[in-house]
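Here the structure is laid out as structure tokens; the discussion comes afterwards.
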Amino acid sequence: MSAFETVIGLEIHAELATRSKIYCSCSTAFGAEVNTHTCPICTGMPGVLPVLNKKVVEYAVMAGLAMNCEITEYGKQDRKNYFYPDLPKAYQTSQYDLPICKNGYLEIEADGKVKRIGITRIHIEEDAGKLIHDPYRGQSLIDYNRCGVPLIEIVTEPDMRSPAEAKAFLEKVKSILEYTGVSDCKMQEGSLRCDVNLSVRPMGQKEFGTRTEMKNINSFSAAVRAMENERERQIDLIESGGEVVQATRKWDDVKGESSQMRSKEEAHDYRYFPEPDLVPIVVDKEWVERIRRALPELPDARKARYMSVFGLSAYDAGILTASRKTADYFEQAVQEGASPKAAANRIMVDISALLTEKGLEEIPFAPVYLAKTLALVEAGTVSSTAAKKIIEALFEEVKEPAEIAKEKGLLQVSDESALVPIIQRIIDENPKAVAELQAGKEKAMGFFVGQAMRASKGSANPAVIHKLVREMLKK
Amino acid sequence: MGMMTVKKLSRMLREREVSSVEVTKSYLARIEQRDGVIGSFITVCADEALKAATAADTLLAKGEGGALTGIPVGIKDNICTAGVRTTCASRMLERFLPPYDATVVKRLKDAGAVILGKLNMDEFAMGSSTESSYFKKTKNPYDLSCVPGGSSGGSAACVTAELAPFALGSDTGGSIRQPAAFCGNVGLKPTYGLVSRFGLVAFASSLDQIGSFTHTVEDCALVLNHIAGHDPMDSTSAALDLPDYTGALTGEVKGMRIGVPREYLGEGIQPEIRAAVEDAMKVLERLGAHCEYCSLPLTQYALPAYYLISSAEASSNLARYDGVKYGYRVSEFKGLNDLYEKTRSEGFGAEVKRRIMLGTYALSSGYYDAYYKKAQQVRTLIGQDFGKRFAEFDVLLTPTTPTTAYRFGEKSDPLAMYMGDICTVAVNIAGLPAISIPAGLDRAGKPIGIQLIGDRFAESEILRVAHAYEKETGHDAISPVWREESV
Amino acid sequence: MKIDKEQVRHVAALAKLRFEESELEAFGDSLGAIIAFADQLNELDVGTVGATAQSSDLYNVFREDEQKASYPREVILANAPEQCEGCYAVPKIVE
């Protein structure tokens, strides 16, 4: 048991899923050739003016509502001034004292208990461009395609007490942003990023310790590594008689260590002031309600419904609802007639085993195929193991499960007339096993089933074999 | 050919007495002949102008086109023109070629106007004499030893010298009205939000407004008809149904209530200018208006508030000039910070640097509340001050400037220069419309301007009063003596 | 109000401007004079008066989320002092 407690707060940036940028109509699509999604506005040419994308406000309000925030009725945008080549205007248009959402929270599960993590604020701002460092030419190159892509920044209270809690919170945020369609949350494309504020303090101490801010974290697992590393670093420092310096640090996930970027003394003076080129944002109650009505069912509500309506366990319901795509897939399969428990099992076990790379969201066949496969099991047409093989085949090529079963010889023989001669032969050839079964040794039944399955090349229906063996021995 | 107004030219063009190409050529010839002395143009675009004139003639020949079709115009060099360099009279943008037209430029082009070129100004519109231009000094056509005012000095001088029948300028704290007063023509600063700012290189975004220089109030109304209007590219642009401003020019001011704030006639106002305002009161009374002295008690605070707000916004607006995307870049540097600091220190002139420093200071940690925020609070109070007066009066009458045009180099102390804006800045702070119109000459033969201030979007009211005054006095017919000598 | 050399240097660093040692004092003086002039605002009791950042009363001015064509890259880069492989180029940044 450590003598120190960790205190963590997060600043999460999520790119919004709008078609166009926040202040101009350039595309937000990822992966275009450098500087092809740019115009005079997003490259900060002289004389141009911004006009706010309405969808940005709606998405921010939606995220705020989903995270139990108060929506600011009268908001404004501000300029955050600093020089850097990825920022063509030399100011980032953001929000300072009147963010769109504030005072929210999300509940996470930690150590089997529900814990509430406070959300200080959610504000809108523009993303910066991308710097490409060219080590050979001694130059840095600038691509403004991402410049002006809308972001929300979610700032939490310092309410998390371990990297595991922080990770659970991040996963919750990701799942909500996906559910609401506010962001596609692709960390590998940088559409979801987080900075970590972390401090440690001796157990029982009320005051917070000195915190550091960790930047350049590109995945949830990197976040956990960075937090664990920073916690250890701070504890080591304190235990060896040193002091934590308030500073911004940069995480290097390859090296597994961080380095100091700038200390508090060198911190920027951003000279925030109200953006005169943009007018106030007034989100009245009617607008808020309109957005609230458009909110989809959120992960927690869905999880509860899966437990009560479908009788799933909390664990299963939690896994299925973590991603909206997975949950939608599951529900469609159920709608197509699959039994909820069977569908849940297949998705979480068989399908998920085949999807390690891409995640549950990328199932290549429609839910109706899963439902049809499960229906074959239900009808006794194929065995449970055969169903797994059908699913594997569906990953290769999408076609009717019944056809796959036929082609691959997975159909169970339930036709008694076909099985009678096989079983008769086994009875005739194995008098010892017959005697054991008749003496009440039920284990011997296994021998008959095994033999019959082998003889039928696995296509016999075990239940039918059972029934036939009993009937034929009675005669 | 005498003083050529837009109205008269327009009639001649539509009646095919002259062609646009002929008119354009004659202005280009006069620029060639006269602008070496005046120095109003930074860039003359003769080829583009003649092309536009030819296109206008095609329309006019078909009996098409409007009031501005085929009419030449000069544009202040902080208003972007696609493919024609837009320098803001700064070394920083010496070679900047915008790939877009400002909305006003687009409107003028759509109306068939012919752009003659880009006009000199104080660097980034910061100044009141056009002396801070990186390129040249512009001379006052009434007295070549005097400044034309600023920052739109090129625009004012070019209209007075008849190098263009009208010109566009921008006004952040008086930059249209003050040079119009110094050069003896009509300068309108419209209500904030009436004319799109898209493509106007920003100085102080919450104060900047594009307006016009013309010989007459009638021309002013005519031009306003073409440049005013909602622009979806400018979030601060008002979406209103606009009147035909020429319709306000009835000559009728009977019963109008005109207030004259005493604070504008106090110490430091040249006696002849005070006399001109008093005379204007008599003229308007004679025409049936009720003139009355009133008070705008916060007047003296407008100037410091203006310099804090405008410089704070400028410090942010001018941060983008960093030698990376466009504009000047120093040739030798060691690393990024060196590139930034050297480029900006060499690319900007002294006055621009002074304003950036002042604005940065006013916004910096520890000073924001005392300076920037305080100024914004004073702004609220000044707006309320005006609001009370407009409950009582239709229009306010003041001098445009405390003095007439001064000599080059006379205001070398920045504060002394700033004091010259005392009559104009409050209007920008409150976002009001105001017009400066000629009110005769002082004893030295230099023009005097008087200012009419209206309530928000009450351009029609100030144009109506200005027009009646102009008709009654005939001051619009005054022109510089040197013109006859040098043509 | 006196603005000393150190303050001028600090503000200049924020604004990415550089002044010669010889300019610092004169610049500090002229800046100080302007700030002293601005200090007359302190005569006014502004109390809790709201700050006006804009002189229009507009709010909620938006554009719809419509994507339109961007500018050709060569047009965007045409004014760049230095470009390389379709990008603006700056000296290598050491973080």
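The values are calculated or read from the model by the stated rules, or taken from the named source; none is laboratory data. Remember, predicted model here, so these are calculated numbers, not experimental data. Methodologically, a virtual Cβ is constructed for each residue, glycine included, from the backbone with ideal geometry; neighbour enumeration extends over all protein chains shown. For accessibility, only protein heavy atoms count, side chains too; no ligands or nucleic acids. Shrake-Rupley method; radii C 1.70, N 1.55, O 1.52, S 1.80 Å.
Output yes when any residue across the stretch B:300-317 is open to solvent by 20 Å² or more (accessible area, probe 1.4 Å), under 29 Å from the mean Cα position of the chain (by Cα) and at positive phi, and no when none is.
Checked against the condition, which is being open to solvent by 20 Å² or more (accessible area, probe 1.4 Å), under 29 Å from the mean Cα position of the chain (by Cα) and at positive phi, the stretch B:300-317 yields no hits at all.
Residues in the stretch A:57-78: is at least one surrounded by fewer than 24 Cβ atoms within 10 Å (Cβ to Cβ), within 9 Å of another protein chain (Cβ to nearest Cβ) and of a type in the set (Gly, Ala, Ser)?
No; the residues of the stretch A:57-78 include none that is surrounded by fewer than 24 Cβ atoms within 10 Å (Cβ to Cβ), within 9 Å of another protein chain (Cβ to nearest Cβ) and of a type in the set (Gly, Ala, Ser).
Among (1) buried (at least 23 other Cβ atoms within 10 Å of the Cβ); (2) out of contact with any helix residue (DSSP H, G or I) (no Cβ under 8 Å at 6 or more places or on another chain), there is one condition residue A:150 misses while meeting the rest; what is its number?
(2)
Could you tell me how many of the residues in the stretch A:25-41 are open to solvent by 10 Å² or more (accessible area, probe 1.4 Å), among the hydrophobic types (A, V, I, L, M, F, W, C) and either outside the structural domain of residue A:125 (by TED's automatic domain parsing) or in contact (Cβ under 8 Å) with a residue 24 or more places away in the chain (or both)?
Qualifying residue count for the region: 4.
Considering only residues that are in a loop (DSSP other than H, G, I, E, B) and small (Gly, Ala, Ser), look in the stretch B:289-325 and name the one that is farthest from the other protein chains (Cβ to nearest Cβ).
First, pick out the residues of the stretch B:289-325 that are in a loop (DSSP other than H, G, I, E, B): B:289, B:295-298, B:321-325.
Narrowing further to those that are small (Gly, Ala, Ser): B:289, B:295, B:323.
Values: B:289: 27, B:295: 16, B:323: 6 Å.
Per the stated criteria, the residue is B:289.
Give A:259, A:221 a once-over and let me know the one that is modelled with pLDDT under 95, part of a helix (DSSP H, G or I) and of a type in the set (Ser, Thr, Tyr).
A:221
Filter the stretch B:178-202 for residues that are open to solvent by less than 10 Å² (accessible area, probe 1.4 Å), under 30 Å from residue B:445 (Cα atoms) and not in a strand (DSSP E or B) and give the result.
B:178, B:179, B:180, B:181, B:182, B:183, B:185, B:190
Just for the stretch B:326-342: of the residues that are within 11 Å of chain A (Cβ to nearest Cβ) and over 29 Å from the mean Cα position of the chain (by Cα), which one is surrounded by the most Cβ atoms within 10 Å (Cβ to Cβ)?
B:340
Need the failing condition index for residue A:286 against (1) open to solvent by less than 50 Å² (accessible area, probe 1.4 Å); (2) acidic (Asp, Glu); (3) within 14 Å of chain C (Cβ to nearest Cβ); (4) in a helix (DSSP H, G or I), just the number.
Checking residue A:286 against (1) open to solvent by less than 50 Å² (accessible area, probe 1.4 Å); (2) acidic (Asp, Glu); (3) within 14 Å of chain C (Cβ to nearest Cβ); (4) in a helix (DSSP H, G or I), the one that fails is (1).
Return the total of residues in the stretch C:3-25 being within 10 Å of chain B (Cβ to nearest Cβ), over 15 Å from the mean Cα position of the chain (by Cα) and either among the aromatic types (Phe, Trp, Tyr) or not in a loop (DSSP other than H, G, I, E, B) (or both).
The total comes to 4.
Just one of (1) outside any helix (DSSP H, G or I); (2) in contact with an Asp or Glu (Cβ under 8 Å, 6 or more places away or on another chain); (3) of a type in the set (Val, Ile, Thr) trips up residue A:368, so point out which.
(1) is the only condition that residue A:368 fails.
Are any of the residues in the stretch B:371-392 more than 10 Å from chain C (Cβ to nearest Cβ), in contact with a Cys (Cβ under 8 Å, 6 or more places away or on another chain) and not aliphatic (A, V, I, L, M)?
Yes, because at least one residue in the stretch B:371-392 is more than 10 Å from chain C (Cβ to nearest Cβ), in contact with a Cys (Cβ under 8 Å, 6 or more places away or on another chain) and not aliphatic (A, V, I, L, M).
Check every one of the strands (runs of 3 or more DSSP E) wholly within the stretch B:348-460 and list those with 1 or more residues that are open to solvent by 30 Å² or more (accessible area, probe 1.4 Å) and on the phi < 0 side of the Ramachandran plot.
B:434-441
Restricting to the stretch B:141-177, and then to whatever is more than 30 Å from residue B:313 (Cα to Cα) and part of a strand (DSSP E or B), can you tell me which residue is least open to solvent (accessible area, probe 1.4 Å)?
Across the stretch B:141-177, the extreme among qualifying residues is B:146.
Restricting to the stretch A:227-251, name every residue that is open to solvent by less than 50 Å² (accessible area, probe 1.4 Å) and under 31 Å from the mean Cα position of the chain (by Cα).
Selection gives A:227, A:229, A:230, A:234, A:247, A:248, A:249, A:251.
Take the residues in the stretch C:44-82 that are more than 7 Å from chain B (Cβ to nearest Cβ), more than 25 Å from the chain's Cα centre (by Cα) and closer than 30 Å to residue B:328 by Cα, then tell me which one is surrounded by the most Cβ atoms within 10 Å (Cβ to Cβ).
The extreme case among them is C:70.
Check every one of the helices (runs of 4 or more DSSP H) wholly within the stretch B:1-76 and list those with 1 or more residues that are within 16 Å of residue B:118 (Cα to Cα).
Numbers: elements: B:6-14, B:20-38, B:46-61.
Result: B:20-38, B:46-61.
In this structure, does residue C:88 turn out to be surrounded by fewer than 16 Cβ atoms within 10 Å (Cβ to Cβ), facing another protein chain (nearest Cβ under 7 Å) and of a type in the set (Ser, Thr, Tyr)?
So residue C:88 does not fit the description; no.
Tell me, which residue of the stretch B:101-121 that is out of contact with any helix residue (DSSP H, G or I) (no Cβ under 7 Å at 6 or more places or on another chain) and open to solvent by less than 10 Å² (accessible area, probe 1.4 Å) is nearest to residue B:153 (Cα to Cα)?
Result: B:118.
Tell me, which residue of the stretch A:388-419 that is more than 15 Å from residue A:457 (Cα to Cα) and β-branched (Val, Ile, Thr) is most open to solvent (accessible area, probe 1.4 Å)?
Filtering first and then ranking leaves A:398.
Restricting attention to the stretch A:90-110, which residues are more than 20 Å from the chain's Cα centre (by Cα) and surrounded by fewer than 16 Cβ atoms within 10 Å (Cβ to Cβ)?
A:97, A:103
Go through (1) at pLDDT 95 or above; (2) open to solvent by 50 Å² or more (accessible area, probe 1.4 Å) for residue B:268 and report which single condition fails.
Of (1) at pLDDT 95 or above; (2) open to solvent by 50 Å² or more (accessible area, probe 1.4 Å), only one is false for residue B:268: (1).
From the list A:55, A:80, pick out the single residue that is within 30 Å of residue B:102 (Cα to Cα) and assigned to a helix (DSSP H, G or I).
Result of the check over A:55, A:80: A:55.
Pick out the one residue from A:177, A:198, A:170, A:141 that is under 30 Å from residue C:89 (Cβ atoms), touching a residue at least 40 places away in the same chain (Cβ under 8 Å) and either open to solvent by less than 30 Å² (accessible area, probe 1.4 Å) or outside the structural domain of residue A:32 (by TED's automatic domain parsing) (or both).
A:141
Going by the structure shown, is residue A:275 of a type in the set (D, E, K, R), touching a residue at least 24 places away in the same chain (Cβ under 8 Å) and under 30 Å from residue B:311 (Cα atoms)?
Here the answer is yes, as residue A:275 does meet what is asked.
So that you can scan it fast, the table gives a plain yes or no per residue for (1) on the phi < 0 side of the Ramachandran plot; (2) basic (Lys, Arg):
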position	(1), (2)
B:34	yes, yes
B:56	yes, no
B:70	no, no
B:78	yes, no
B:81	yes, no
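If only one of B:61, B:56 is without any contact (Cβ under 8 Å) to a residue 60 or more places away in the chain and either open to solvent by 40 Å² or more (accessible area, probe 1.4 Å) or among the charged types (D, E, K, R) (or both), which one is it?
B:61
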